[in-house]
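Input: a single structure, listed below in structure tokens.
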Amino acid sequence: MRTRCMKSLLVNRKNILIICFFLLLSISSFADEIDPTDVSYVSINPYTNEVTVSWYKSESDNIKFARILYIYDETTLIKGKGIVDIQDNTDNSFGFKTDTISLFPYNSYERPISLAVDAYAENGNNSTSLREYHTTMVSTAKTTTCPAQIKITWTQYYGFGISVEKYEIIESIDGKEVVVKQCLASETSCFISPNEHSERSFFVRASFVDSHGKQQTSTSSMCSVNEPLPAAPQFLTAENISIEEQDITVTFTIDTASDYKKYILLKSEKDNLHFVGIDTIHSIANNCNTYTYKDELAYKKDTTVYYKMMGFDNCGTSIIESNELSPITLTVREITETQNILEWSKNTPTNGSYTYKIWCSENEETEKLITTITEKQYLYVDEITNPDHSFSRCYRIEAQRNSYSSFSNSVCLNKSYKLLIPNAINPFSTIEENRIFKPKYAFISGDYTLQIYDRNGTCIFRSDDIDTGWDGTTKGKNATAGIYRYFIQITLPDGEKIERRGTVHLLYN
């Protein structure tokens with residue numbers, strides 16, 4: 001009898017445990033049915049370090065309050081601690097500072113903080129939404145030397161059910177916010193170029209669409225750098241290039257206030273793409289920002305040469321490059337006996353307005369200015385007004401811009417005397433120049449004599465004027481048709497004598 005009672009008692013206790021289990025399961029199922037709040041975003045005010053969490057209300061009925069929870073363990077089973085309860089069930093947000101709440105072991109600018117929002121019903125059941133947390137961002141900044149940059153690093157923004165579209169680095173400048181860099185959603189660091197300010201402050205902004213389809217942003221803590229960065233050169237300018245006989249001289253202006261002092265002069269004789277270094281500068285005095293280099297025997301006819309300069313940081317990385325230089329090249333050709341045409345290449349550097357001066361020297365005498373051209377003109381026709389003697393005429397171009405003068409190569413044309421003598425005349429020709437026997441000439445001056453002889457050796461005509469010729473008469477009458485001999489003698493101003501002998505055929509048909 002006692003044994004039967006004991007069995008009955010054990011059965012009843014077992015049934016009670018089963019009933020309790022299903023009761024707990026029922027309560028758990030009821031709790032899961034509470035619609036959770038959806039966190040929209042969490043963010044840090046970079047100026048105050050206040051943390052803000054924003055959420056959407058629960059869609060369940062009889063929600064009494066929302067509890068903001070600090071997620072302190074995410075390793076296996078997510079654990080959270082309540083920060084504050086917000087009464088009612090509305091779309092809402094809440095801001096706080098971590099240094100005013102004792103449960104936080106660190107401040108918001110030191111490490112990321114994960115936050116969730118749970119909905120609690122009037123009967124005490126909650127939505128158990130700890131896993132649907134969002135995490136703040138913490139940023140840091142440091143300078144690098146090779147190359148000199150500022151590296152901004154941040155912790156990724158995490159939000160349950162969302163994906164970051166992009167990160168932006170914002171610089172705070174005297175109360176104004178400027179986007180200085182846009183970074184990919186997969187990045188957690190970006191580099192910022194240094195400027196003249198040694199103290200700079202930044203924060204990171206993440207952009208994303210929240211669980212309700214609305215565009216949101218979250219900002220990180222503020223990070224700053226406060227150490228002098230090497231000053232990069234602000235300018236490197238190719239100013240002037242000039243040809244002096246076979247040498248080419250180039251001039252650059254360099255920012256000597258820069259902390260970087262290494263520059264390399266480059267040259268290309270093929271095109272403006274394939275440059276090689278020809279000189280290295282390691283330092284320039286602060287009181288002189290002009291660098292001049294003479295490239296000896298560099299000018300070659302029909303070869304275009306280019307120059308430019310590059311500046312380097314202490315790591316050997318190119319950080320600045322000048323514009324290119326190419327000298328003015330002049331060509332001269334004869335278009336008539338008394339006209340030479342000059343053409344020259346456009347001067348480089350091309351910035352600024354130029355005045356072109358054309359210089360000319362004759363027979364190695366002192367150079368004289370022919371004309372000045374102020375328009376964008378790259379050719380000139382030189383009219384020779386004294387073609388009465390042989391000479392050598394040399395030209396070169398001077399381009400003036402600001403305080404710089406750039407000279408082209410020098411080109412010379414030799415104008416030697418020309419003497420063409422006809423071999424027949426016809427006093428009755430319809431062409432005037434065929435009726436008179438006299439030479440055609442150019443660049444001739446000095447004493448002149450023309451003598452005509454008949455077949456007996458008698459001189460029948462003489463002229464001391466090169467423009468006065470024989471008209472085919474003798475003693476006022478037409479000479480007999482036939483062959484006559486001539487003798488021409490010219491004594492040039494320098495004493496050189498020109499003598500020509502030959503025959504001329506007198507015709508009447």
- [ ] Considering each of 59, 122, 110 in turn, give the residue that is of a type in the set (Asp, Glu), closer than 21 Å to residue 161 by Cβ and either in the same structural domain as residue 155 (by TED's automatic domain parsing) or free of Cβ contacts under 8 Å to residues at least 60 places away in the same chain (or both).
- [x] 59
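Can you say whether residue 158 is closer than 22 Å to residue 111 by Cβ, touching a Pro at 6+ places or on another chain (Cβ under 9 Å), modelled with pLDDT of 95 or more and among the aromatic types (Phe, Trp, Tyr), as far as the supplied structure shows? Before the answer, list the steps.
Working: closer than 22 Å to residue 111 by Cβ: yes; touching a Pro at 6+ places or on another chain (Cβ under 9 Å): yes; modelled with pLDDT of 95 or more: yes; among the aromatic types (Phe, Trp, Tyr): yes.
Taking the combined requirement at face value, the residue satisfies it.
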- [ ] Check 246, 234 and return the single one that is under 23 Å from the mean Cα position of the chain (by Cα) and either touching a residue at least 24 places away in the same chain (Cβ under 8 Å) or assigned by TED's automatic domain parsing to the domain that holds residue 173 (or both).
- [x] 234
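Can you find, within region 212-236, the residue that is farthest from residue 261 (Cα to Cα) among those that are of a type in the set (S, T, N, Q) and surrounded by fewer than 16 Cβ atoms within 10 Å (Cβ to Cβ)?
215
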Task: Test: residue 283 is of a type outside the set (Lys, Arg), assigned to a loop (DSSP other than H, G, I, E, B) and touching a Lys or Arg at 6+ places or on another chain (Cβ under 8 Å) - done: yes
Open item on the list: Which of the numbered conditions does residue 381 fail, given that it passes all the others? Conditions: (1) touching a residue at least 40 places away in the same chain (Cβ under 8 Å); (2) touching a Phe, Trp or Tyr at 6+ places or on another chain (Cβ under 7 Å).
Closed with: (2)
Task: Sole residue being in a loop (DSSP other than H, G, I, E, B), assigned by TED's automatic domain parsing to the domain that holds residue 159, touching a residue at least 24 places away in the same chain (Cβ under 8 Å) and farther than 27 Å from residue 329 by Cα, chosen from 258, 221 - done: 221
- [ ] Within region 413-420, identify whether any single residue is more than 21 Å from residue 334 (Cα to Cα), over 59 Å from the mean Cα position of the chain (by Cα) and part of a strand (DSSP E or B), and answer yes or no.
- [x] no
Open item on the list: List the strands (runs of 3 or more DSSP E) inside region 431-509, counting only whole elements, that have at least 3 residues being surrounded by 14 or more Cβ atoms within 10 Å (Cβ to Cβ) and over 60 Å from the mean Cα position of the chain (by Cα).
Closed with: 447-453, 459-463, 482-491, 497-506
Task: Residue within region 458-480 that is in contact with a Phe, Trp or Tyr (Cβ under 6 Å, 6 or more places away or on another chain), in contact (Cβ under 8 Å) with a residue 60 or more places away in the chain and of a type outside the set (Phe, Trp, Tyr) present - done: no
TODO: Output yes when any residue across region 95-104 is of a type in the set (A, V, I, L, M, F, W, C), surrounded by 12 or more Cβ atoms within 10 Å (Cβ to Cβ) and in a loop (DSSP other than H, G, I, E, B), and no when none is.
DONE: yes
- [ ] Any residue in region 169-192 that's in contact (Cβ under 8 Å) with a residue 40 or more places away in the chain and farther than 18 Å from residue 143 by Cβ: show its pairings with residues that are part of a strand (DSSP E or B) and aromatic (Phe, Trp, Tyr) at Cβ separation under 6 Å, as long as the two are six or more apart or on different chains.
- [x] 170/203
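Could we say that residue 201 is in contact (Cβ under 8 Å) with a residue 24 or more places away in the chain, of a type in the set (Gly, Ala, Ser) and outside any strand (DSSP E or B) here?
Numbers: in contact (Cβ under 8 Å) with a residue 24 or more places away in the chain: yes; of a type in the set (Gly, Ala, Ser): yes; outside any strand (DSSP E or B): no.
Judged against the criteria, residue 201 is not a match.
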Open item on the list: Need pairs with beta-carbon distance below 6 Å; first residue over 18 Å from residue 461 (Cβ atoms) and outside the structural domain of residue 490 (by TED's automatic domain parsing) and within region 427-449, second at pLDDT 90 or above and part of a loop (DSSP other than H, G, I, E, B); sequence gap 6+ or separate chains.
Closed with: none
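The values are calculated or read from the model by the stated rules, or taken from the named source; none is laboratory data. The structure presented is a predicted model; accordingly, all values stated were derived computationally and were not measured. Note that each Cβ is placed from the backbone with ideal geometry, even for glycine, and that neighbours are counted across all protein chains shown.
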